[in-house]
Amino acid sequence: MTPDTVTLGQRLRSAREAAGLTQDDVAARFGIKRVSVTQWESDTTKPALARLPELAALLNTDMEWLLNSQGTPPTPAPKVEKPRQPRTPIIPGKDLVGNRDLPIYAAAMGGEGHMIVTFEAIDWVKRPAVLQNVRGGYGILVRGESMIPAYWPGDTALVNPHLQPARDTDAVFFHTPPKEQGDEEAIIKRLVGINDRDWTLEQYRPARTFSESRIDWPVCHRVVGKYNAR
């Protein structure tokens, strides 16, 4: 018996945490309020004896261990690796189609991982298949290091401005709709969450997840591929 499993409440909490469950998970299983589970774990109240077999099974242990710390201790739940989301693909040369009619725009460094994009084409290249027949498709020469290793300075992000925002995709965000021949402040980040008010974004250097207001950054254009500068 360890110091943190002396009481029934402590053993319940220890077993629940080993099983990777929340108090809400346990409460939902028994159709009770979460506060009841909190009271069990703080030894304010005790679960009904009739519930112990199901509780022990849920927590990967047995009744004897819950009651007196004897018998089979909790078995930690196996860790499930979060599947890696597909990252923006590098477009190989064999996937280039059509005429050299895809505009590439330059970007200058801005503050806090921002870029200043100049919407006057510095080059025109063949379209990748993912942007074939996409009106308004374009590329941006990436500047800055906040998205390394997904994008290195000099890589070209290929953008479809008509796709809806989607979680776990890369996107370019603008303060205002891009205008031909104009300069716009932009950020390129991983979109990991969306609600009515905010974008939840991820960058890699330095690694952080943060929110930006959708009022401040209303325009979201999906990145569908990249040309690797290296």
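Brief remarks follow.
- Of all the options 196, 155, 25, the one that moves most in a Gaussian network model of the chain with Cα springs shorter than 10 angstrom is 25.
- Cα centroid separation, the range 174-230 to the range 10-54 (Å): 42
- Pairwise Cα inverse-distance average, inverted: Kirkwood Rh of the range 3-68 (Å): 11.5
- Listed from fewest to most Cβ neighbours within 10 Å, the set 100, 34 follows the order 100, 34.
- Calculated diffusion of the chain, Stokes-Einstein form, Kirkwood radius summed over Cα pairs, 25 °C and 0.890 mPa s, µm²/s: 115
- The smallest convex shape that holds all Cα atoms of the range 93-227, its convex hull, gives 100 Å³ per residue.
- Each residue in 221, 175, 114 was given a count of other beta-carbon atoms within 10 angstrom of its own, and listing them fewest first yields 175, 114, 221.
Values quoted throughout were computed directly from the atomic coordinates according to the rules given, and no laboratory measurement underlies them. Source: prediction; values computed, not measured. Every residue, glycine among them, receives a Cβ derived from its backbone with ideal geometry; neighbour counts consider all protein chains shown.
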